[in-house]
Amino acid sequence: MNRKNNDTLFTAFSETFPADSFLDSLSTGVIFTDCGGVLTFMNRKAEILLAVFKETVIGKRIDMLPLRTPIYKVMSEDCRDVPLEMNIGGRVLKLRSSEVLSAEKTLLGSIYELSDVTLERDEKRSREEFVAKMTHDLKSPLMVLQGYVQAIKLGMWGDIHPKLQKTLEDMERSGKSLYSMIEDLLDVYRLEMGLVQIKRLPCDLQALLETCCHDRQLEAEEQGVSLLLKVARKCQKVELDAKQFSRVFANIVGNAVKFSPRGSTVTVSAQIRKGNFHVSVKDSGIGIAEKDKALVFKKYFRTEQAAGFKGSGLGLALSKEIVEAHGGTIEVASIEGQGSVFTVIAPIKE
Ligand SMILES: Nc1ncnc2c1ncn2[C@@H]1O[C@H](COP(=O)(O)OP(=O)(O)OP(=O)(O)O)[C@@H](O)[C@H]1O
Ligand SMILES: [Mg+2]
């Protein structure tokens, strides 16, 4: 390492890092430049990633580096504090630079961090391809089937017997529920694999909960269950992905209604506390045994008590992924045979 013209910078770094060998053992490439843009240090990993010997570039200003070489491409990119990905020699490199300040807060230079993310990118691409293929393979035949059912229902191949009409409606309903099960299943995978982009936008939490309760009203009436919504004032403005969150509320309210006895009440309440919104759904239904409380958030898990009720055990797994992707948590308190309270807590803003 050329230490002649970078004494200050070297002193600053040697205080933090005991020896060059320490930086050389990192799996991340590290490059330092001084205030004048002169390259003053490069570790072993950076040499490998950029296919360059440090002796040939140390002491040179960025604009003096040979054009079109990987080192020139990397150093001439503006990646200050915002990571950037670049294709270098068939590999994907993630690059980020930040200012280096002395203890007195004077600028000493810049540090560049380089990492090889080729494998992660390849894996992400194959996961995306897998989900896309699954989506196509599972949904397409079902849509064809649904199309035929509708065509028969509409009398496209002649009049149909009234009894058959009822059967066709049942087929259509089952098809729809299978379709939404496939959607949930694929969404759980997408969320688990980090393929879903959460879009947080300003949203009215009260309106979102009102819509959710409204959508569940018919189901509740059929079950003989009353749905009560209690929203504290100040609960309107939150930032979240409304489409994703409405699935969370639809599932926990739907579960509460589904597992409740006739004549009981399901209460949905919302309030804001210390920068978080809390939404609780309380029922007096079948409840959950202590041993099952953590398991209900796992894919496909259904308690023994839930046998005989409709469902595939995906709703809570999906809800947990969505809430956690917003930096929140979902908890359950329950007494078997007496009822449950599911509570979602998430930051009102990112
Ligand atoms: N409010 C509740 N009261 C009692 N048990 C519950 C309640 N909510 C969830 N559970 C238990 O947790 C299991 C998992 O819930 P989840 O919502 O994931 O699946 P599901 O409702 O059975 O099916 P899906 O949501 O996929 O239609 C349920 O099957 C049930 O055993
Ligand atoms: Mg459910």
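The values are calculated or read from the model by the stated rules, or taken from the named source; none is laboratory data. Being a predicted model, the structure only gives us computed values, none of them experimental. Quick reminder, even Gly has a Cβ in these numbers, built from the backbone with ideal geometry, and neighbours come from all protein chains shown. The accessibility values were calculated without ligands, DNA or RNA, using every heavy atom of the protein model including side chains. Shrake-Rupley method; radii C 1.70, N 1.55, O 1.52, S 1.80 Å.
Please state which of the following conditions His326 fails to meet, knowing it meets all the rest: (1) within 28 Å of Gln197 (Cβ to Cβ); (2) open to solvent by 20 Å² or more (accessible area, probe 1.4 Å).
(2)
Anything in the stretch 288-310 that is open to solvent by less than 50 Å² (accessible area, probe 1.4 Å) and near ligand 1 (Cβ under 6 Å from one of its atoms)? List them, or say none. Step through it out loud before you land on a result.
The first filter runs over the stretch 288-310 and keeps only residues open to solvent by less than 50 Å² (accessible area, probe 1.4 Å), leaving 288-289, 292-293, 296-297, 303, 306.
Within the stretch 288-310, Ile288, Val296, Thr303, Ala306 meet the criteria.
Of everything in the stretch 322-343, what is away from ligand 2 (no atom under 14 Å from the Cβ) and touching a residue at least 40 places away in the same chain (Cβ under 8 Å)? Give them in sequence order.
Residues of the stretch 322-343 that are away from ligand 2 (no atom under 14 Å from the Cβ), as a first pass: 323-329, 331, 333-339, 341, 343.
Across the stretch 322-343, the qualifying residues are Val323, Ala325, His326, Gly328, Ser334, Ile335, Glu336, Gly337, Gln338, Gly339, Val341, Thr343.
Of the residues that make up the stretch 71-78, is at least one within 38 Å of the chain's Cα centre (by Cα), aromatic (Phe, Trp, Tyr) and open to solvent by less than 40 Å² (accessible area, probe 1.4 Å)? Outline the logic, then answer.
Going residue by residue through the stretch 71-78, those that are within 38 Å of the chain's Cα centre (by Cα) are 71-78.
Narrowing further to those that are aromatic (Phe, Trp, Tyr): 72.
Now restrict to residues that are open to solvent by less than 40 Å² (accessible area, probe 1.4 Å): none.
No, every residue in the stretch 71-78 fails to be within 38 Å of the chain's Cα centre (by Cα), aromatic (Phe, Trp, Tyr) and open to solvent by less than 40 Å² (accessible area, probe 1.4 Å).
Can you tell me which residue in the stretch 43-63 is surrounded by the fewest Cβ atoms within 10 Å (Cβ to Cβ), limited to those that are free of Cβ contacts under 8 Å to residues at least 24 places away in the same chain and outside any helix (DSSP H, G or I)?
Result: Phe53.
Got a sec? Which of Leu186, Leu228, Leu218, Leu209 is exposed (fewer than 14 other Cβ atoms within 10 Å of the Cβ), in a helix (DSSP H, G or I) and not hydroxyl-bearing (Ser, Thr, Tyr)? Don't jump to the end; show me each part of the working.
Numbers: Leu186 fails: exposed (fewer than 14 other Cβ atoms within 10 Å of the Cβ); Leu228 fails: in a helix (DSSP H, G or I); Leu209 fails: exposed (fewer than 14 other Cβ atoms within 10 Å of the Cβ).
Exactly one of Leu186, Leu228, Leu218, Leu209 is exposed (fewer than 14 other Cβ atoms within 10 Å of the Cβ), in a helix (DSSP H, G or I) and not hydroxyl-bearing (Ser, Thr, Tyr), namely Leu218.
Out of everything in the stretch 162-200 that is under 24 Å from the mean Cα position of the chain (by Cα) and of a type in the set (Gly, Ala, Ser), what residue ends up being modelled with the highest pLDDT?
Step by step, filter the stretch 162-200, then rank; the result is Ser180.
What number of residues within the stretch 232-245 satisfy the criterion of being surrounded by fewer than 18 Cβ atoms within 10 Å (Cβ to Cβ) and either within 16 Å of ligand 2 (Cβ to nearest atom) or closer than 16 Å to Thr343 by Cα (or both)?
The number of residues fulfilling the criteria is 1.
Scan Ala250, Ala294, Ala307, Ala256 and give me the residue that is without any contact (Cβ under 8 Å) to a residue 24 or more places away in the chain, closer than 23 Å to Val188 by Cβ, within 16 Å of ligand 2 (Cβ to nearest atom) and of a type in the set (A, V, I, L, M).
Values: Ala250 fails: without any contact (Cβ under 8 Å) to a residue 24 or more places away in the chain; Ala294 fails: within 16 Å of ligand 2 (Cβ to nearest atom); Ala256 fails: without any contact (Cβ under 8 Å) to a residue 24 or more places away in the chain.
Just one listed residue meets the conditions, Ala307.
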